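**Q** Below is one structure. I have some questions about it.
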């Protein structure tokens, strides 16, 4: 499979994200080709591969309050708790990629680890009581919380679900509001369920 | 009126054609512009559409939500020109698709290179779906441009507009053309009237100050000129007619006068002929009647002399002899008068006559009558003439008799008869060396009873030369004399009409008797 060069795209119609610089985009594209290339077509992605990809993609549709980043160079930090598989997949996929122009990092979170500097928190498995309090704390720190099995939907902003063997997700706008996060309506469009009143 | 209507029609047609051409050009230009604008607008439209589609489909691709992608595509049903659309994932696999209900063509198996392609009246657009510098897949859209519909619609509008514009143009030009055509039509009408009626007093009305106005002025000036010339021509014509009538009248008058004159001449001629005849018959009857008493006088006088004795008393015998001589002379006189009247009458014959022989014969007669005289006579040989032989003999008897008589006192009397050629005519002459005469009396020579010499010297009646002249005139000729006193005389005559002769002579030549010579 060969992608055409983006030099063909007319300036006027170029998407907003392209306007930052074509050269950088070209390098990204080259890297992407390397990544995508080896993947054998037709080979079904595993659940955690998908979830890692989703998690990574969520960051693109969420806006954090400005003070959560120290500066333009501050990386976007993904904290993964309770799912080594997802963390691995996420690390694999984020190599050399940016989110909203920021470098992305993955931090494996053990119990008692500080949430400082974290932007996205994934809590794998069934969320236990301590984990729930962790989620509460994360929400208070404007951290996008993603879970895969939560007791109450409003405890996390996004909660993965498996519907007909496909990975889907719910979005809780209450939680997002509490975390002071702006979730793009485009994300809501593809969400399985959106709870909480829209603004 | 055919021509006049055609001028109007031409003007209106001109306006129509101009309007039509302008509409065509303007319509074509606007159509070209519109088509161009329409196409780029359509392309822009669809590009926006696919961009929106790409933007909306990015999350669906990222989160592998086919349903949402299909819903997004299904929204395209509100755009009826879109016939089909599809979303392909990053690997080129079909992710979601949309087909208009009437469309059953197959979707492209793989996304193609990004951009707009126009195939006939359709456009095909491929668009990469990119998020955060990452290609998520491709959007595909196929839509009808409906350019042909647009063109047809546009042309029908243009047609309606053109019809309307031309209708308005017809109305306006029909109204406006009268400003141009009215003066021309007026000229045309007047010129027709002038041609038909030949009345040049019409004038065209000048309605404008343009070229048509100039035309009207020129036309009117022309009519002025024609009118003036026609008038002058008519006047000349009538003058000529009058003149010719006068001339005709004058000619008729002349003819009439001529006729009157001719009639008068004929009348007079008839009267003259009548009186001539009377005169001549009187003359001949008088001569005849005179003869009888004369013969009695001379006869009884002869008898008296024979019967009376030789010796008569006194001069009786001498008286008797004188009576006899006088009566003889009178008889001669009567004879001559009868001759003179005879030569005027009867047919004039034209025979070939041996003039020389005739002259010699006459000379022979003279010698016999007077044998004791010695006269030298020379007659030229071989002279021939066409004349009446009897009359010619009388001429020669008279002329030679005169010559013989007037040479009687000469000892060496000589007579000559000959001819000379004078141009065309032959002139005959009789010459003698006798007493001659004074040329002063030459004009009296040929009158009757005119004598230049005394009776006692040379006896004669004075009628001979008158007779000669009469005969010569009857032949159409002339007679004249040349003489010197004491040296002789020469009488010339011709016997043929000559154009150089006097008119009197010519009329003589026609054979009519000349009353004035009597």
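**Q** Under the definition of partner shielding as Cβ atoms of other protein chains within 10 Å of a residue Cβ, what is the mean value for peptide B:105-113?
**A** 1
**Q** Post the alpha-carbon centroid distance, the stretch A:81-95 to the stretch A:153-199, in whole angstrom.
**A** The stretch A:81-95 and the stretch A:153-199 have Cα centres separated by 21 Å.
**Q** Let me ask something else. What's the average, rounded to a whole number, of partner chain beta-carbon atoms within 10 Å of each residue's beta-carbon in A:184-192?
**A** Numbers: counts 1, 1, 9, 3, 1, 9, 13, 4, 2.
Partner Cβ neighbours, averaged per residue: 5.
**Q** Just check the stretch B:72-152 against the gyration tensor rule for me: Cα atoms, a ≥ b ≥ c as the square roots of the eigenvalues, rounded for a/c under 1.5, and otherwise prolate or oblate depending on whether a/b exceeds b/c.
**A** prolate
**Q** Which of the peptides B:36-47, B:67-78 is most tightly packed, and how do the rest follow, going by the mean number of other Cβ atoms within 10 Å of each residue?
**A** Values: B:36-47: 15.0, B:67-78: 17.2.
Highest to lowest by the protection proxy: B:67-78, B:36-47.
**Q** Considering only DSSP beta bridges where both residues belong to the stretch B:354-467, give the percentage that are antiparallel (nearest 5).
**A** Looking only at bridges with both residues in the stretch B:354-467, the antiparallel portion is about 65 percent.
**Q** Arrange the peptides B:303-309, B:208-214 so that the one whose residues have, on average, the most other Cβ atoms within 10 Å appears first. Before the final figure, lay out each step's value.
**A** Values: B:303-309: 10.6, B:208-214: 12.3.
Answer by packing, highest mean first, reads B:208-214, B:303-309.
**Q** Under 8 Å for C-alpha pairs, at least 6 residues apart: give me the relative contact order for the stretch B:173-305, rounded to a whole percent.
**A** Details: 39 pairs, mean separation 19.6, N = 133.
For the stretch B:173-305, the relative contact order is 15 percent.
**Q** To test your reading of the geometry: what angle, between 0 and 90 degrees and rounded to tens, separates the Cα axis of helix B:464-474 from the longest principal axis of chain B?
**A** 20
**Q** Continuing with the same structure: For chain B, take the longest principal axis of its alpha carbons; what is the angle in degrees between that and the long axis of helix B:355-369, to the nearest 10 within 0 to 90?
**A** Roughly 20 degrees, rounded to the nearest 10.
**Q** Sorted by mean Cβ packing within 10 Å, highest first, what order do the peptides A:181-188, A:78-85 take?
**A** A:78-85, A:181-188
**Q** Sticking with this structure for a sec: Can you give the Rg to Rh ratio for the stretch B:338-428, taking only C-alpha atoms and Rh from Kirkwood?
**A** Value, to two decimals: 1.00.
**Q** For the protein assembly as shown, what are Rg and Dmax over the alpha carbons, in angstrom?
**A** Cα radius of gyration and Dmax of the protein assembly as shown are 83.6, 251 Å respectively.
**Q** Just want to confirm a number: the relative contact order over the stretch A:52-127, from Cα pairs under 8 angstrom separated by 6+ residues, in percent.
**A** On the way: 95 pairs, mean separation 32.4, N = 76.
Relative CO of the stretch A:52-127 lands at 43 percent.
**Q** Once the Cα atoms of helix B:147-197 and of chain B are each reduced to a long axis, what angle between those two axes, in degrees from 0 to 90 to the nearest 10, is obtained?
**A** Once rounded, one gets 20 degrees.
**Q** Please tell me the relative contact order of chain B in percent, rounded to the nearest whole number, where contacts are Cα pairs under 8 Å and at least six residues apart.
**A** 8
**Q** Here's something else I'd like to know. Would you please classify the overall shape of chain B from the alpha carbon gyration tensor, given that a ≥ b ≥ c denote the square roots of the eigenvalues, rounded means a/c under 1.5, and beyond that prolate means a/b larger than b/c while oblate covers the rest?
**A** prolate
**Q** Hey, what number do you get for the protein assembly as shown at 222 nm if only DSSP H runs of n ≥ 4 count, each worth -39500 (n - 2.57), divided across all residues, to the nearest 500?
**A** On the way: 15 runs with 359 residues, N = 717.
Using -39500 (n - 2.57) per qualifying helix, the result is -17500 deg cm²/dmol.
**Q** In addition: Please compute the average number of Cβ atoms from other chains found within 10 Å of each residue's Cβ in peptide B:123-136.
**A** Averaged over the peptide's residues, the number is 6.
**Q** What shape does the stretch B:330-378 take by its C-alpha gyration tensor, where a ≥ b ≥ c are the square roots of the eigenvalues and a/c under 1.5 counts as rounded, a/b above b/c as prolate, and the rest as oblate? Each step should come with its number before you reach the end.
**A** Values: a/c = 4.28, a/b = 1.27, b/c = 3.36.
Oblate is the answer for the stretch B:330-378, as a/c is 1.5 or above yet b/c matches or exceeds a/b.
Here, each number is a calculation from the coordinates, and none is a lab measurement. Please read all numbers here as calculations on a predicted model, not as lab measurements. Virtual Cβ from ideal backbone geometry, glycine too; neighbours counted across all protein chains shown.
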